């Protein structure tokens, strides 16, 4: 695909979501769950959150794509995650994984290991999480663990490109690495997306909500396009909101407003460059 | 009651809440729990959220009216809900039910079936939820399930009037149906309330927080008045906030501010018409 | 220490946090968890929330100081709290206790009784919670229970000074009592801090997030300084935000912005007076 074709697909994904209001259910953390839902609604989707196994099965089958964020695990997730993944496989529905805090705790490790065989259509994380997940899944570019800071990244996006490509090749989907510049790859081609604001690291949930919004676009587009549409919308809205605000909380409010106000054309025009994935 | 008498009762309910700061405990979903609490405080009440059975029993007995929102269920609710309902019955305290996502999952269905005999003093939901709850409880106007969209309504408020009246007759309380125009009924008379903003559907929690605020007013007024006071305050604050804002997040901020700033007189003057319930 | 020396320590604590971005994990309630995380980030710290025992153990050992808020308990906390406290003791890491709703429910009482022997480095609460915790721990100035309003205070800060001092003497740390004026003591000296806004009682989470921010400063300073730095930052940001806003939700946004914008010098200059603790 040429850059022009990709931009057309992004515009189409953003338009389709606004027109069809697809529902993307989420199993996500309790810290940023409200931000995730409001961001999903702001771009034109619909949100529904679940904890219990049979709710995950039911909502997963009803929804267009499901978002899994392993940020704050509860005991019942030991049942909910595998049963929902089975229901999604059975229904042929795609899903997004946000491997928050990979490496912390036995249940998180167990669930993330289980998820490998279910091949998430989009994986979204910061550089450290992407490298650590590739390590956990014993893929190229991975490392045993790099998340010595809990939920924060200690690696640069560039350092995670090899791991991102290896994960994308394994899943057959896309991987989205968040940082100052964002990187989206399907294992063959990569896109470096620009924009955003330094305030995105001064609030909690800019990453989580990007994962949730990626799931909304995944209801309407294939993984690489969906992930890049989400990243483009975030970089555009972040840039605009950052210009208008002087603190993190007013930034967050302005950011959600700008996410709502951004047109499909503007999202498609947000700057990115394509690059080949080096072997 | 005449419209004039109802408006006097609404003003009295809003005044009493501001003066007495009643505590309305909640078992509610984790997505919008913060919005629920802040809305309850904004109108003059006090909030306290619980998950565990003995906390529900203790807070339910301490509070003026308790709010149950079945949006994101946890396993412990299988104990918490019936034990808290028993404690409320024993203490003679009223309660509000928000049947979010009725029809999804076995535990939600079990809990909603149990609730029938405890006759909630106010039921608040969107049109699809009201129709589906009446269906689950085998009442007139109900349908087996209409919530094919998870938490969103696919029915109009008008289509839910018969189900709302049947629910109100069963409970002896009031039913509040949320939509473009809102409808509140005690099974004999109905009030169609106007105002609000299209942004109320572009944020998560406008319905949940309305349920929580209904519980606050239920501490100070009978069900029909309490439900209509809550709806009037929401329509007023929504209209004012919508005029000042261009996006959903700044709308939500302005909405909570306007909820706080609205005087009892202004809430009582918010437009509604009465209509008889047709058999 | 003189007032001048204390102000120098406050400035140093605020500066160190901005420079080192310390991670303060939290087990906290679901109502205000997002506000806690964003406030921790706004002052320069990093947030990570947990529910499960082994996540508490891992994050507690990784973090600089851990925040425990017993606001909305879940069943798994029966394991998580003691195991995390053991891990903190083993790692020699300090912690902050927020005894929200002390007196409500059997699990809360059990956990708060267990916590006594682990001697929290900072205890933060409203006056009623401080009096009730001292009562539960059978210390001077305590009372069996005073929290007849769930999570709200029914006592004045002055009425809690004896209980606060007794708690501080028991723990060897500091106690922070929140109210119109705030009071911080190490059992020997007390500081009465001024500022804030009446809006801080019109939103949920101003107390919880103060506890979380106290934990952030506890990563960089001893308990009394850390607690007073947090209170000073809150009173400064609250005063500034209250002057700019007319409603509680816009206040909360402005408050987080001001928390982010306050310089270490300004925080250190926020007005307080020292007083001796009377026996």
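What is the spread of the Cα atoms of the stretch A:79-133 along each of their three principal axes, largest first, in whole Å?
32, 22, 14
Over the C-alpha atoms of the protein assembly as shown, what are the Rg and the largest Cα-to-Cα span, Dmax, in Å?
Spelled out, the Cα radius of gyration and Dmax of the protein assembly as shown are 25.7, 79 Å.
Closest to the C-onto-B rotation axis, which residue of chain C has its Cβ, and how many Å off the axis is it?
C:30, 3
Would you calculate the separation in nanometres between label points at residue A:243 and residue B:244, each defined as 7 Å from the Cα along the Cα-to-beta-carbon direction?
Calculated label separation equals 2.6 nm.
In whole angstrom, note down how far apart the Cα centers of the stretch C:201-279 and the stretch B:159-189 are.
46 Å
So if R0 is 41 Å, what FRET efficiency would residue B:143 and residue B:90 give, r being the distance between their Cβ atoms, rounded to the nearest 0.05?
Calculated transfer efficiency: 0.75.
Could you tell me what fraction of 2.2 N^0.38 Å the Cα radius of gyration of the stretch B:63-104 comes to, as a two-decimal ratio?
Normalised Rg, Cα atoms only: 1.20.
What does the copy distance list look like for residue C:21, label position 7 Å along Cα→Cβ, in nm and ordered from shortest?
Nearest first, the other copies' label points are 4.0, 4.0 nm away.
For A:119, C:89, what's the fewest-to-most ordering of other Cβ within 10 Å of each Cβ?
Least crowded to most crowded, the residues run C:89, A:119.
Which distances in nm, rounded to one decimal and ordered from shortest, link the label point of residue B:4 to the equivalent label points in the other identical copies, with labels set 7 Å from Cα toward Cβ?
7.3, 7.3
When chain A is treated as a GNM, springs tying every alpha-carbon pair under 10 Å, which of A:241, A:39, A:249 comes out with the largest mean-square fluctuation?
Fluctuation is largest for A:249.
For the stretch A:151-279, take the alpha-carbon Rg, divide it by the Kirkwood Rh, and send me Rg/Rh.
0.96
Normalised by the number of residues in the stretch C:3-276, what is the relative contact order in percent for Cα pairs under 8 Å and 6+ residues apart?
So the answer I get is 21 percent.
For residue A:273 paired with residue B:21, estimate the spin-label separation in nm (one decimal), with each label point 7 Å from Cα along the Cα-to-Cβ line.
Once both label points are built, they end up 5.9 nm from each other.
Can you give me the relative contact order of the stretch A:1-98 as a percent, contacts being Cα pairs under 8 Å and 6 or more apart?
Reported relative contact order: 29 percent.
Mind giving me the FRET efficiency for residue B:78 and residue A:106? R0 is 25 Å, r the Cβ-Cβ distance, nearest 0.05 is fine.
0.45
Starting from the Cα of residue B:4, step 7 Å along the direction of its Cβ; do the same at residue B:194; then give the gap between the two resulting points in nm.
Between residue B:4 and residue B:194, the simple spin-label model gives 2.1 nm.
Got the residue B:119 label distances to the other copies yet, label 7 Å along Cα→Cβ, in nm, shortest first?
5.8, 5.8
If all Cα-Cα distances of chain A are sorted into 5 Å bins from 0 onward, what percent lands in each bin, rounded to whole numbers?
Spelled out bin by bin, chain A gives 1, 7, 14, 19, 21, 18, 13, 6, 1, 0 percent.
When a/c reaches 1.5 or more, the comparison of a/b and b/c decides; with that in mind, is the stretch B:99-169 rounded, prolate or oblate per its Cα gyration tensor?
oblate
Please arrange A:67, A:118 by counting, for each residue, the other beta carbons lying within 10 Å of its beta carbon, fewest first.
Taking fewest neighbouring Cβ atoms as first place, the list is A:118, A:67.
Hey, what did the stretch B:106-234 get for relative contact order, percent, Cα under 8 Å, at least 6 apart?
Relative contact order here is 21 percent.
Just to be sure I understand: with springs between alpha-carbon atoms less than 10 Å apart, which residue in A:31, A:184, A:213 has the highest mean-square fluctuation in the Gaussian network model of chain A?
Highest fluctuation of the listed residues: A:31.
Anyone know which of B:198, B:90, B:12 comes out most mobile in the 10 Å Cα GNM of chain B?
The residue with the greatest mean-square fluctuation here is B:90.
Mind sorting A:253, A:229 by how few other Cβ atoms lie within 10 Å of their own Cβ, fewest first?
With the sparsest Cβ surroundings first, the list reads A:253, A:229.
Counting helices only, and only those DSSP H runs with n ≥ 4, report the 222 nm mean residue ellipticity of chain B as the sum of -39,500 (n - 2.57) divided by its residues, in deg cm²/dmol to the nearest 500.
Result for chain B: -16000 deg cm²/dmol, rounded to the nearest 500.
How much space per residue, in cubic angstrom, does the convex hull of the C-alpha atoms of the stretch B:34-112 take up?
88 Å³
Computed from the coordinates by the stated procedures, all read-outs in this text should not be read as laboratory data. Everything numeric here is computed off the predicted structure, so don't read it as measured data. Backbone-built Cβ (ideal geometry, glycine too); neighbour counts: all protein chains shown.
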